[in-house]
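The values are calculated or read from the model by the stated rules, or taken from the named source; none is laboratory data. Note that the structure is predicted; figures quoted are calculated from it, not measured. Here Cβ is always computed from backbone atoms with ideal geometry, including for glycine, and neighbour counts include all displayed protein chains. Accessible surface areas use protein heavy atoms only, side chains included; no ligands, DNA or RNA. Shrake-Rupley method; radii C 1.70, N 1.55, O 1.52, S 1.80 Å.
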Amino acid sequence: MLLEETGEAIRLNSTLLEAKLENMSQGVSVVDASQRLIGWNRRYLELMNYSEALVHVGQPIASLIRHNAKLGRFGDEPVEQAVNKRLALLRGGKPYTYESRFFDGKVIQIRGQPMTGGGDVTTYSDVTAFKDAERVLLESRDELERRVEARTVELHEAMAQVDTAREQAVRANRSKTHFLAAAAHDLLQP
């Protein structure tokens with residue numbers, strides 16, 4: 001009886017965990033200490049554009065990284081350099097985060113978290129909309145800075161014109177004062 005209840009609890013927990021993983025908006029992959037794929041969810045396949053035939057339990061993660069590098073998902077970085085760099089992150093035993101911009105414009109944020117005893121859990125999030133909004137905001141900021149700079153130049157020019165006009169007014173006022181003083185002097189002199 002106790003064995004049946006324990007088995008049922010394990011099956012229930014397993015079913016709940018599988019349901020959670022399959023309904024996440026993030027892709028998830030799990031590799032063991034020898035960098036072999038031992039688990040993933042459907043969203044991982046979708047985000048990475050992997051066919052189900054490409055991914056299987058026990059597959060060396062290096063082969064998937066190499067596949068990505070050959071597709072240009074790491075930019076112009078040489079394939080083996082890209083593979084070695086990412087394997088070093090997995091073996092490093094520390095959390096990591098980086099972004100990959102795919103050739104179709106999609107941006108995937110990749111976050112790895114080491115597991116106790118070796119291995120790694122990696123999440124994949126589509127941050128394309130965020131990156132597009134960020135780009136628009138940066139472009140808007142740059143345009144605003146250009147406008148402020150142009151307006152500042154215009155303001156300095158206007159201030160220089162005001163200063164010039166003020167100087168002319170002061171000179172004209174002095175001339176008028178001198179003229180009036182001379183005219184009054186001449187009028188008062190017999």
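Just to be sure I understand, how many residues within the stretch 61-101 are touching a Lys or Arg at 6+ places or on another chain (Cβ under 6 Å) and either open to solvent by 70 Å² or more (accessible area, probe 1.4 Å) or in contact (Cβ under 8 Å) with a residue 24 or more places away in the chain (or both)?
Summing the residues that are touching a Lys or Arg at 6+ places or on another chain (Cβ under 6 Å) and either open to solvent by 70 Å² or more (accessible area, probe 1.4 Å) or in contact (Cβ under 8 Å) with a residue 24 or more places away in the chain (or both) in the stretch 61-101 gives 2.
Find all pairs meeting these conditions: Cβ atoms under 9 angstrom apart; at least six residues apart or on different chains; first residue within the stretch 102-118 and without any contact (Cβ under 8 Å) to a residue 24 or more places away in the chain and farther than 17 Å from V31 by Cβ; second residue open to solvent by 80 Å² or more (accessible area, probe 1.4 Å) and assigned to a strand (DSSP E or B).
Q109/E99
Yes or no: the stretch 128-149 includes at least one residue that is closer than 30 Å to L37 by Cα and among the small types (G, A, S).
Start the filter on the stretch 128-149 by keeping residues that are closer than 30 Å to L37 by Cα, which leaves 128-131.
From what's left, among the small types (G, A, S): 129.
Yes: one or more hits.
Could you list, in sequence order, all residues of the stretch 119-149 that are of a type in the set (D, E, K, R) and free of Cβ contacts under 8 Å to residues at least 24 places away in the same chain?
D132, E134, R135, E139, R141, D142, E143, E145, R146, R147, E149
So S34 passes all but one of these: (1) loosely packed, with under 14 Cβ neighbours inside 10 Å; (2) over 24 Å from the mean Cα position of the chain (by Cα); (3) modelled with pLDDT under 90. Which condition number does it fail?
If we test S34 against (1) loosely packed, with under 14 Cβ neighbours inside 10 Å; (2) over 24 Å from the mean Cα position of the chain (by Cα); (3) modelled with pLDDT under 90, just (3) comes out false.
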